[in-house]
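Q: First the structure, which I've put down as structure tokens, then a few questions once you've had a look.
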Amino acid sequence: MPDLLSVEGLCAGYGEARVLNDIGFALRPGESLALLGRNGVGKSTLIRSLIGLTRRQGGRLRFAGADITAAPPFRRARAGIGWVPQERAMFPSLSVEEHLTTVARRGPFDLARVYDIFPRLAERRANMGNQLSGGEQQMVAIARALMTNPRLLLLDEPMEGLAPIIVHDLAAVIRRLIAESGLSVIVVEQHARLALSMTARAMVLDRGRIVHDGPSTELLEDNDKLGRLVAVAA
Amino acid sequence: MNALPGLLFDGLAYGSLLFLVSIGLSITMGLMNFINLAHGAFAMIGGYASVWFSHRFGMPFLATLPLAFAVAGLAGLIAERVLFRHLYRASHLDQVLFTVGFVFSSIAAATYLFGSAQQSVSLPAALQGQVQVMGVDLGRYRLFLIGAVVVLSAGLGLLMTRTRFGAQVRAAVDNRDAAEGLGLNVGLVFSLCFGLGTGMAGLGGALGVEVLGLDPGFALKYMVYFLLVVVVGGAGTLSGPLVASMLLGVCDVAGKYYLPQAGAFIIYVLMIVLLLAFPKGLGLGRPSLSRLPLSILVRRRA
């Protein structure tokens, strides 16, 4: 099967500053990838570079058979990249339902289906984006990305700042999406073990470069290696 | 004789015009952080369009109003696509210099096409003269102005709060990167907003010929007023500029009546006082946010 996403020699950052160096990897349809690494190694910058919100300083990107190297963010989103931004990026002046309908595109995910996945949002449909708990905001951010009917879902620290019980529920939803919808997923997560438990493959970044790429189970089973690469106790 | 009710009324009519012209400036400044001093030029284009259609084709005044909106809106759309969009990433000084240059070009163009004389419109008989309401003489045309602006503002409010286009505008104002990264063509949304805003300005220019006058210096003469509305009201909102327009209109008219020596200076005092009290604009209850959502005008109920 041809790759859904391929990244070649990507160098990117903000203005003159370079954060990512010579990043190269490919993702197949339906593949799930955990993006791990210490704070500040460029995980979120890589996600933002995939959606097109950083300054590209070199390299090429292909998605779904088309070259998207020079495509602006809205074209990448329309090509099928669904983005769940870090810190959720709510629109305070939009209601929950407007968050979903404003970005909706035709496909298997519609209002009925995302309300089925997140019943809580159906109850909250008239609330504004800034009148929600952190967990509800994260549900909106994921539901909103699903409404664009993506082929690749980018989750940038979806569990950040959430209570353990909510993390547990959200992780179950994400696992189900990966298993049942055929979506490709890239998830950035501080809790390495959680991310590894949700995905089939893991990539570790350090100082803007890929330093490890392999099956998630390999890192889950090798505590020393995981500790060396990511340095977390979780 | 008590002049206050009449002054209040004239001030509200004047404020209505200011709001109509300035609201587009508020939206576009809030959305793109683009300092557009040329906004008044589009009001002037609308005014001249109205005068031209009525003189050239003998069209009645009211029939020229939609054309004033269309001509100014189209002119704004083209100017944004061809000229202004290249300045969004430029410094504010570059934006100011460029748009002031645009104003001077508009003065030269208007002088070349229409001469330097004051223009006038012939109002239909129904809009001339006065009506007496509770013992106060009210100008029919000013009454019509206030009514027109109430209807237009309500329409704009509905557009912004009840339509998908309005939700896209609000999303882009709230968080441009997120809107863009979720598939909204923010550049196109902005162009349409710009065209809508300049169209409203053009309509204001046409309605204002009778009240504000119209000559080639229009855009320069009233530039400060339009900017005051946005600065005092806060960019990117409907309600802030609405309140600011009415305050400025009433204070300007009343100030010139009661304190003719201070004349046009009153509104600057007002601006200084209001900015000291509300540094981020009159945000109706939420002054801590620098960019107030447009939905404040019509609150959603849960």
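The values are calculated or read from the model by the stated rules, or taken from the named source; none is laboratory data. Please read these numbers as outputs of a predicted model, since none were measured by experiment. So basically every Cβ, Gly included, is an ideal-geometry build from the backbone, and we count neighbours across all protein chains shown. Please note that ligands, DNA and RNA were not included when accessible areas were found on the heavy atoms of the full protein model with its side chains. Shrake-Rupley method; radii C 1.70, N 1.55, O 1.52, S 1.80 Å.
Q: Pairs please, first residue from segment B:75-94 and open to solvent by less than 90 Å² (accessible area, probe 1.4 Å), second anywhere and at pLDDT below 90, Cβ atoms under 6 Å, 6+ apart in sequence or on different chains.
A: From residues that are open to solvent by less than 90 Å² (accessible area, probe 1.4 Å), the pairs are B:TYR88/B:MET32; B:TYR88/B:PHE34; B:HIS92/B:ILE35.
Q: Looking only at segment B:125-156, filter to residues that are open to solvent by 80 Å² or more (accessible area, probe 1.4 Å) and in contact with a strand residue (DSSP E or B) (Cβ under 7 Å, 6 or more places away or on another chain); which one of those is modelled with the lowest pLDDT?
A: Applying the filter and picking the extreme gives B:ASP137.
Q: Quickly run through segment A:130-188 and pick out the residues that are among the hydroxyl-bearing types (Ser, Thr, Tyr) and more than 24 Å from A:SER49 (Cβ to Cβ).
A: Once the filter is applied, which keeps residues that are among the hydroxyl-bearing types (Ser, Thr, Tyr) and more than 24 Å from A:SER49 (Cβ to Cβ), segment A:130-188 yields A:SER133, A:SER181.
Q: Looking only at residues in segment A:79-97 that are open to solvent by 20 Å² or more (accessible area, probe 1.4 Å) and without any contact (Cβ under 8 Å) to a residue 40 or more places away in the chain, which one is nearest to the chain's Cα centre (by Cα)?
A: Here the answer is A:ALA79.
Q: Taking only segment A:25-77 into account, find how many residues are out of contact with any Ser or Thr (no Cβ under 8 Å at 6 or more places or on another chain) and either within 12 Å of chain B (Cβ to nearest Cβ) or in a loop (DSSP other than H, G, I, E, B) (or both).
A: 23
Q: Return a yes/no flag: does segment B:2-11 have any residue that is without any contact (Cβ under 8 Å) to a residue 24 or more places away in the chain, part of a loop (DSSP other than H, G, I, E, B) and over 26 Å from B:GLY115 (Cα atoms).
A: Yes, that holds for at least one residue.
Q: Next question, about the same structure. Specify which of the listed residues (B:VAL173, B:VAL211) is within 30 Å of A:ALA89 (Cβ to Cβ) and touching a Lys or Arg at 6+ places or on another chain (Cβ under 9 Å).
A: Answer to the selection: B:VAL173.
Q: With the condition kept exactly as written, say whether any residue in segment B:228-238 is closer than 30 Å to B:PHE61 by Cβ, at pLDDT below 85 and either outside any helix (DSSP H, G or I) or open to solvent by 60 Å² or more (accessible area, probe 1.4 Å) (or both).
A: Yes; the residues of segment B:228-238 include at least one that is closer than 30 Å to B:PHE61 by Cβ, at pLDDT below 85 and either outside any helix (DSSP H, G or I) or open to solvent by 60 Å² or more (accessible area, probe 1.4 Å) (or both).
Q: Here is a follow-up. Restricted to segment B:172-220, and to residues that are among the charged types (D, E, K, R) and more than 9 Å from chain A (Cβ to nearest Cβ), which residue is farthest from B:ARG142 (Cα to Cα)?
A: Of everything passing the filter in segment B:172-220, B:ARG176 is farthest from B:ARG142 (Cα to Cα).
Q: Further question on the same structure: Would you call A:GLU87 part of a loop (DSSP other than H, G, I, E, B) and within 14 Å of another protein chain (Cβ to nearest Cβ)?
A: For A:GLU87, the condition - part of a loop (DSSP other than H, G, I, E, B) and within 14 Å of another protein chain (Cβ to nearest Cβ) - is met.
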